[in-house]
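Please read the structure below before turning to the comments.
The values are calculated or read from the model by the stated rules, or taken from the named source; none is laboratory data. Bear in mind that the values here come from a model prediction, so they are computed numbers and not experimental data. Neighbour counts are summed over all protein chains in view; Cβ atoms, including those assigned to glycine, are modelled from backbone coordinates with ideal geometry. Protein only, heavy atoms only, side chains kept; ligands, DNA and RNA dropped before computing areas. Shrake-Rupley method; radii C 1.70, N 1.55, O 1.52, S 1.80 Å.
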Amino acid sequence: MRIVLGLVWLTLAEVHGAVAYAHSTDAATLFGLPLPPLAAELARAVLLGAAALGLAGMRPRTAFAVVTIAALYLLGAPQLGDQPPHTHHLVWLSALLAVSPSADAWSLAALRAPVAPARVDALAYGVPTLIARTLIGLVYFFPGLWKLMSDDWTSGVALSEHVLWKQALN
């Protein structure tokens, strides 16, 4: 999960879109904290640098804690806009990686560490994996539940309106 999430953060377009959002508005604030373009650029650099360190396995708990904080700041202001990026689950998973062991294999830290017996504590790996699966399940469950409870989605009206909207854009 550490490697995949690190790659996702490094290639995520919303990170760059949040910086563009900061450049496009003067009123971009998050809980009273301003998001000027320079701060957005700095937060993006910190986020991408920490994601690269987390991907490589260099102090991944610290790296993903920094990714979580930078992502909350950088992606928080666009969440308050009219078209929020739906990247909250990536922040959740980054926070999860900040508190779980993820550098015991396939990491630079594992290469530098002395050879130790294999960890027998299955809960240290199983619980974070279970939490991650639950979070991803919730990300898909609630929008699906909302669509089932909405008459527009069950009757097909929403789909036809979406197709018409796409045709109107072209």
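Some observations on this one:
- Assigned charges on the beta-carbon of Lys, Arg, Asp, Glu; the chain dipole about Cα centre (debye): 680 debye
- The share of accessible area on the chain that comes from carbon and sulfur is 69 percent, using a 1.4 angstrom probe.
- The sum of -39500 (n - 2.57) across all DSSP H runs of n ≥ 4, divided by the residue count of the chain, sets its helix-only mean residue ellipticity at 222 nm to -23000 deg cm²/dmol.
- Stretchable slack from L7 to L111, in nm (0.36 nm times residue separation minus alpha-carbon distance): 35.4 nm
- Shape category assigned to segment 87-170 from the gyration tensor of Cα positions, a/c cut at 1.5: prolate
- With the highest mean first, a sort of the peptides 84-96, 153-165 on other beta-carbon atoms found within 10 angstrom per residue produces 84-96, 153-165.
- Average silhouette area of segment 36-105, convex hull of alpha-carbon atoms, in square nanometres: 4.6 nm²
- Computed over the chain, Kirkwood Rh from alpha-carbon pairs, angstrom: 18.2 Å
- Cβ crowding within 10 Å averaged over residues, with 58-66, 9-17 ranked highest first: 58-66, 9-17
- Full-extension gain in nm, L169 to A39, via 0.36 nm per residue minus C-alpha separation: 43.4 nm
- Solvent-accessible surface of the chain, averaged per residue with a 1.4 angstrom probe and all protein chains in place: 64 square angstrom.
- Those residues of segment 120-146 whose amide nitrogen sits under 15 Å from the label point placed on W153, 7 Å along Cα→Cβ: 137-146
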